[in-house]
């Protein structure tokens with residue numbers, strides 16, 4: 001029986017516990033990267049299956065969250081690559097419950113920022129998520145994205161410049 | 001969020017707020033977790049409504065949908081009359097855009113089936129490549145949860161069909177009832193104001209709708225306004 005099957009039927013308390021401990025964080029993290037909750041959940045399910053299968057070769061179990069993060073990043077990257085190659089243009093939209101009255105300027109600004117974030121190229125968005133949502137150091141964020149510290153700095157800088165431009169355009 | 005705030009701080013705040021709309025993760029999907037037999041349930045506090053674009057082939061490669069992995073083979077059964085939002089004729093034939101209430105049956109990867117209530121939009125245009133009219137597959141369905149009142153986002157599902165009528169694109173979508181008008185702003189700044197179409201009272205449609213035929217293959221911005229002209233939302237398509 002594979003690790004994930006043991007976890008799924010509750011035969012492996014450790015795996016079940018790992019899922020319960022990390023799944024909410026994982027879905028939220030993937031949602032930051034995809035902007036689409038259903039896709040995030042799908043990517044996270046696959047990421048857990050893959051990471052569980054690698055668990056036996058993982059010498060230090062404390063490394064589990066790091067492995068999971070990398071697997072989610074790879075899963076999201078693969079998803080966007082697939083979507084691009086298939087020419088997918090329609091996006092699922094999670095409609096959040098909002099106020100019945102007109103949104104305040106502050107709410108509107110936050111909405112614009114979120115939408116602008118979703119329009120960034122994948123690596124730029126991932127760089128911002130790792131630095132500002134995950135609060136990783138430049139070194140750790142660079143390692144997660146498979147780049148150098150200088151590369152990470154450049155990604156963040158380009159992403160922020162692009163966000164500022166998009167926000168200015170939205171205000172026009 | 002103060003405008004003078006550092007962009008990094010503003011990003012952090014926005015991302016945390018968005019993340020916190022998710023308050024639970026689904027159970028491991030391969031099999032139910034120990035002691036659990038309940039189906040996947042969505043958070044009732046954060047995301048209450050999910051727009052699920054279901055039709056797969058209508059727009060060919062451009063319109064293929066990103067959710068086929070999540071909703072495997074959904075089937076849509078209309079359970080109300082259809083409200084005709086707009087109709088017309090192109091050189092290639094007639095078209096009609098309708099809204100109706102439906103039951104959407106979905107299957108998860110482990111074979112569990114569930115039926116959810118939804119409001120769907122259909123573009124019937126038999127001459128479009130791959131079109132499936134008569135709603136064996138809807139174009140766009142918004143999943144609704146019974147008994148929960150929610151206004152939804154000012155601009156909901158939007159669909160764009162390039163080269164629908166000659167070189168004109170058809171753009172249509174949903175808006176909340178708080179929206180009185182929608183403007184389309186093209187790349188060159190050309191702006192067109194559209195009328196919002198409300199359904200008949202007896203259908204009790206949760207959303208209103210807009211349609212437009214525009215000469216543009218570039219970026220288009222939609223601006224939703226309230227009756228007194230305030231901007232409620234902006235969206236690119």
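The values are calculated or read from the model by the stated rules, or taken from the named source; none is laboratory data. Small disclaimer: the values here were computed from a predicted structure and weren't measured. Using ideal geometry, Cβ is built from the backbone for each residue, glycine included, and neighbour counts are taken over all protein chains shown.
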Need pairs with beta-carbon distance below 9 Å; first residue at the interface with chain B (Cβ under 7 Å from one of its Cβ atoms) and within 13 Å of residue A:51 (Cα to Cα) and within region A:5-23, second modelled with pLDDT of 80 or more and outside any helix (DSSP H, G or I); sequence gap 6+ or separate chains.
A:19/B:25; A:23/B:24; A:23/B:25; A:23/B:26
For region A:113-159, name all the residues that are part of a helix (DSSP H, G or I), surrounded by fewer than 19 Cβ atoms within 10 Å (Cβ to Cβ) and at the interface with another protein chain (Cβ under 8 Å from one of its Cβ atoms).
A:114, A:115
Kindly evaluate residue B:132 against the criterion of being more than 14 Å from chain A (Cβ to nearest Cβ) and modelled with pLDDT of 80 or more.
no
Matching residues in region B:193-237 - criterion: being crowded, with 19+ Cβ neighbours inside 10 Å, within 14 Å of another protein chain (Cβ to nearest Cβ) and farther than 11 Å from residue B:182 by Cα
B:206, B:207, B:220
